[in-house]
Structures are given as structure tokens and as C-alpha cells.
Amino acid sequence: MITVLRLGHRRGRDDRISTHVGLTARQWGADRIVYSGEKDTSILESQRDIIDRWGGDVEIEYTEDWKKVIRGFEGLSVHLTMYGEKISEKIEGLKEEFDEAGDLLVVVGAEKVPRWVYTRVDYNISVGNQPHSEIAALAVFMDRIQEDQIKEDFEGAGIEVEPSEDQKLTREVDGNE
């Protein structure tokens, strides 16, 4: 099971980024997405709407107590930060630990991440030691930890993309495919 914890969401300022963290987590196979920071029901509703239309069974939730999520997690916990150890040097060991643990918590920050996080997770990992997007970091990490297991099909989908060379095409599906 993979859980993505989005720290420190700020209404108005982080709406698009937090939404895209959720979209990326879903596409790369997260089972659960937990938002923290300012409570924003529109982010939760937006994520649930995507799942209703495009399929999948990702759990979406909000917590005020994000420390409890980290403290209570049993499995491998990774914080994505540009200050962390390089993914290229740690990925093989992380894959092994994830296989053994069976559960993975991926922490993605918004506002300044408290030092508490850095000292409580198993690993602080960077996909690059330069400023970069948390969305990009999440996509790269999820892709590498699962060995290119981008999720293609979502159970319960009512709509899906029909790949095209030059058009934006979708098709309705019966939701049971």
C-alpha cells in the first residue's frame, strides 16, 4: 500500500499544486492520499470527482494531525526534498526495503517543512539537489520505486482518453472494465 501525505496545504495559494500532487499520486498507483494544512473541502471534492469520472479506488482524506500519520505509519517512510540523499544512489536499497515492508509513506511538502519531518522519516530523498517541483519529485520517485509501473487502467472508469496523434479525444466506458 502506498500513502502520499501532502503537508501544509494553503487554501488559495496551493490549490493547483495540491490537486496535481493528488493526480500524480493516483496515476502512479497510490492507494491513499492524505492532505494536511488548511482544511480545503474543494481539494477533496475535486479529487473525488476525478476518481468518480476516471476510475480508481484511491482513498482521499484530510487530517489536522499530520504528525500522527507519520508517527503511526508502519512501513517505509520517505520525505521528498531537494536537500535529501540522491535518489540515484539510494533507489535500489529503497526498492528492497519497500518490498520487505509492503507499505510506503511518501511525504510531500508545501510550505517550509518542519525539521521534525526530516528526523522522523526513514529517508530524506531528492530527485535533484536544485529547486524543483514537488509534483515532478513525486512522479520521478513513484516511477522509480515501482520500476515504471505507471497505472494505465482504472477500475470503475466512466471516461478514458482515446490516444490520438493530433486531437483531444475521450470515450465513455461502462465503468466495469
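Every read-out reported here was derived from the displayed coordinates using simple, explicitly stated rules and does not represent laboratory data. It should be emphasised that the depicted structure is a prediction, and the values quoted were computed from it without experimental measurement. FYI the Cβ positions are ideal-geometry reconstructions off the backbone, even for glycines, and counts take in every protein chain you see.
Quick notes on this one:
- Only listed residue being under 14 Å from the mean Cα position of the chain (by Cα), among the aliphatic types (A, V, I, L, M) and surrounded by 19 or more Cβ atoms within 10 Å (Cβ to Cβ), chosen from 80, 76: 80
- Residue 142, sole failed condition from (1) closer than 15 Å to residue 87 by Cα; (2) part of a strand (DSSP E or B): (2)
- Neighbours by Cβ (under 7 Å, 6+ apart or cross-chain): first from the stretch 144-163, at positive phi and exposed (fewer than 11 other Cβ atoms within 10 Å of the Cβ); second of a type outside the set (Ser, Thr, Tyr) and assigned to a loop (DSSP other than H, G, I, E, B): none
- Residue list for the stretch 44-80, restricted to those being in contact (Cβ under 8 Å) with a residue 24 or more places away in the chain and assigned to a helix (DSSP H, G or I): 46, 47, 50, 51, 52, 53, 54, 66, 67, 69, 70, 71
- Checking residue 70 against (1) under 16 Å from residue 34 (Cα atoms); (2) surrounded by fewer than 15 Cβ atoms within 10 Å (Cβ to Cβ), the condition it does not meet: (2)
- Applying the set (1) surrounded by fewer than 19 Cβ atoms within 10 Å (Cβ to Cβ); (2) under 15 Å from the mean Cα position of the chain (by Cα); (3) assigned to a loop (DSSP other than H, G, I, E, B) to residue 16 leaves exactly one unmet item: (3).
- Yes/no for residue 129 being of a type outside the set (Val, Ile, Thr) and either in a strand (DSSP E or B) or within 23 Å of residue 22 (Cβ to Cβ) (or both): no
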